[in-house]
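To start, the structure under review is shown below, and the notes come after it.
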Amino acid sequence: QVQLVESGGGLVQAGGSLRLSCAASGRTFSSYAMGWFRQAPGKEREFVAGISWNDIYTYYSDSVKGRFTISRDNAKNTVYLQMNSLKPEDAAIYYCAANRLNSYRLEHQNYWGQGTHVTVSS
């Protein structure tokens, strides 16, 4: 069992930065691929960024590539999402998720956090 708790959301002006954190419980965190997803009002939840269990591979959606960076610290059971050059369209609830398949399809995620809100003012 893995429990995930996100933090770091808030209100930021367009062009600003935020760093999201996702703290995981359990001793098997390092065996899970981790992903960040987001859901804006009235829209489907979508993949944002992913990182393999061994911290070798990272993946990004086209909409955030070059602006967001995912990283993990297995010693701290934490995954991060550094978000730079934020745009109003980045506003959403951001969720972290864990999976054993190294997949970033929503249905392949084994565990989800409760989400953290990101608001971007123009």
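The values are calculated or read from the model by the stated rules, or taken from the named source; none is laboratory data. Quick caveat, the model's predicted, so the values are computed rather than measured. Glycine gets a Cβ as well: all are built from the backbone with ideal geometry, and neighbour counts include every protein chain shown. Please note that ligands, DNA and RNA were not included when accessible areas were found on the heavy atoms of the full protein model with its side chains. Shrake-Rupley method; radii C 1.70, N 1.55, O 1.52, S 1.80 Å.
Of note:
- Enumeration of residues in segment 46-75 that are touching a strand residue (DSSP E or B) at 6+ places or on another chain (Cβ under 8 Å) and of a type in the set (D, E, K, R): Glu46, Asp55, Arg67, Arg72, Asp73
- Within the set Tyr80, Tyr95, Tyr59, the sole residue that is more than 21 Å from Ser121 (Cα to Cα), open to solvent by less than 50 Å² (accessible area, probe 1.4 Å) and at pLDDT 95 or above turns out to be Tyr80.
- Taken over segment 46-56, the criterion of being touching a Gly at 6+ places or on another chain (Cβ under 9 Å) and surrounded by fewer than 21 Cβ atoms within 10 Å (Cβ to Cβ) is satisfied by Phe47 alone.
- Among residues of segment 24-47 that are at positive phi, those with a Cβ under 8 angstrom from a residue that is assigned to a loop (DSSP other than H, G, I, E, B) and open to solvent by 20 Å² or more (accessible area, probe 1.4 Å), sequence gap 6+ or separate chain, pair up as Gly26/Gln1; Gly26/Gln3; Gly26/Asn77.
- Only a single item in (1) of a type outside the set (Phe, Trp, Tyr); (2) closer than 22 Å to Asn84 by Cα; (3) at pLDDT 95 or above is not met by Leu4, and it is number (2).
- Test: residue in segment 62-73 that is surrounded by fewer than 19 Cβ atoms within 10 Å (Cβ to Cβ), in contact with a helix residue (DSSP H, G or I) (Cβ under 9 Å, 6 or more places away or on another chain), aliphatic (A, V, I, L, M) and within 26 Å of Val12 (Cβ to Cβ): no
- Qualifying positions in segment 1-45 - surrounded by 14 or more Cβ atoms within 10 Å (Cβ to Cβ) and of a type in the set (Asp, Glu): Glu6
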